[in-house]
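What follows is a set of notes on a single structure, which appears directly below.
The values are calculated or read from the model by the stated rules, or taken from the named source; none is laboratory data. Just so it is clear, the model here is predicted, and its values are computed rather than measured. For neighbour counting, all protein chains shown are included, and Cβ atoms are generated from backbone atoms with ideal geometry for every residue, glycine included.
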């Protein structure tokens, strides 16, 4: 099963790729520069920064080539060379961002992540940082024939559906599901307190329901635990302890471990299956899952934000943070007006 391609041509995004080394296993564009968000005008904001992620098989070699082509994109870390840049990349969520880069008349931000690190996050939700972005609509620009990566991309979408099911009631709307999925990677993210529009998840989902349907409709139709009433936009899931246990057992490994550490007192050392069976019978099962996700997201979001001072430099970090605060304030004023 391949990830559904979005309908727009993406030529302007692929023109950006021409400025970079071409050894990419996956490249995608995301965010408000690609998809319209609530509060924007008719289309994606032309003044919004364009956001990209580049997955590469060999980060050191890629940074070495990119330093030759685009040395000005890097902060003071460029003097340390590609090996040290790669060392910084490996902290936190394993992604290195160059931000506020002028390109083709627009400001762009691009993150570089190793293919292996990306696959690990997609399969196991080690940080949910890039995996979380790929649970929402993105514009795939290039993707090589890596069957392991392709399988991991689909697995991540299935895991997002499973986690959302556990936090939703027995019956809910399609939009409720997409709101839950879009919010997974923001659960516990400290930037949702300072630095992000509080309505961010709603702003992402409301104008983009058809894009979410392209991503998830096949998964929902094939899922044996849900009744998908597509014509009504409604879903019903099995909330019995047996149904919830099956869903808990299908969650990514890191999330299972976080749930286990929340429920199992130190020293008891029960096996994961026994603990998840207990959680499946708990009326607060969904809340426990939510807390487990929060324990994944919070540490990586803190470290990744702290890295910005190194990867962007102080001046760009302040500028970028001020732009985020402006968007947060604008969203708050729109909500209260």
Check on residue 100, modelled with pLDDT of 95 or more and in contact with a helix residue (DSSP H, G or I) (Cβ under 6 Å, 6 or more places away or on another chain)
no
By residue number, the members of segment 163-190 that are surrounded by fewer than 22 Cβ atoms within 10 Å (Cβ to Cβ), over 14 Å from the mean Cα position of the chain (by Cα) and within 26 Å of residue 55 (Cβ to Cβ) are 190
Among (1) surrounded by fewer than 19 Cβ atoms within 10 Å (Cβ to Cβ); (2) on the phi > 0 side of the Ramachandran plot; (3) not in a strand (DSSP E or B), there is one condition residue 128 misses while meeting the rest; what is its number?
(1)
Taking residue 194 as meeting all but one of (1) part of a helix (DSSP H, G or I); (2) in contact with a helix residue (DSSP H, G or I) (Cβ under 8 Å, 6 or more places away or on another chain); (3) at pLDDT below 95, write down the number of the exception.
(1)
Counting only residues that are within 17 Å of residue 25 (Cβ to Cβ) and more than 19 Å from the chain's Cα centre (by Cα), which one in segment 65-95 is surrounded by the most Cβ atoms within 10 Å (Cβ to Cβ)?
66
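Is there a residue being more than 26 Å from residue 298 (Cα to Cα) and assigned to a loop (DSSP other than H, G, I, E, B) anywhere in segment 102-117?
As a first pass, look at segment 102-117 and keep what is more than 26 Å from residue 298 (Cα to Cα): 102-107.
Next cut, assigned to a loop (DSSP other than H, G, I, E, B) only: 104-105.
Yes, that holds for at least one residue.
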A careful count of residues in segment 62-80 that are assigned to a helix (DSSP H, G or I), touching a helix residue (DSSP H, G or I) at 6+ places or on another chain (Cβ under 7 Å) and within 15 Å of residue 101 (Cβ to Cβ) gives 5
